[in-house]
């Protein structure tokens, strides 16, 4: 299971709140689409925390999402 989260950096005019979960496929890959969070003219979309869990093991990292790009992030579970 992979969870991607983000919270607003300020409470004024910042409604970004992301908490998405996705199971991986047979290759251990989970995919997320953040197009709905992008607003024209902004510089980047979000910096997100990524957490992966499998049978009591855990891994985490940070990923920067930018507009009109595909971003890959490898999380190692220990």
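Observations on the model:
One line per residue, one yes/no per condition, for (1) under 9 Å from the mean Cα position of the chain (by Cα); (2) farther than 18 Å from residue 1 by Cβ; (3) assigned to a strand (DSSP E or B):
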site: 25; (1), (2), (3): no, no, no
site: 30; (1), (2), (3): no, no, no
site: 47; (1), (2), (3): yes, yes, yes
site: 60; (1), (2), (3): no, no, yes
site: 72; (1), (2), (3): no, yes, no
site: 75; (1), (2), (3): no, no, no
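- Note on the range 32-45: residues that are loosely packed, with under 10 Cβ neighbours inside 10 Å and either within 23 Å of residue 75 (Cα to Cα) or within 9 Å of the chain's Cα centre (by Cα) (or both) amount to 2.
- Scanning the range 32-45 for residues that are assigned to a loop (DSSP other than H, G, I, E, B) and without any contact (Cβ under 8 Å) to a residue 24 or more places away in the chain gives 33, 39, 40, 41, 43, 44, 45.
None of the figures in this text is laboratory data; all of them are computed from the coordinates on show. Computed from a prediction, not measured in an experiment: that's the story for all the values here. Reconstructed Cβ throughout: ideal geometry from the backbone, glycine too, with neighbour counts over all protein chains shown.
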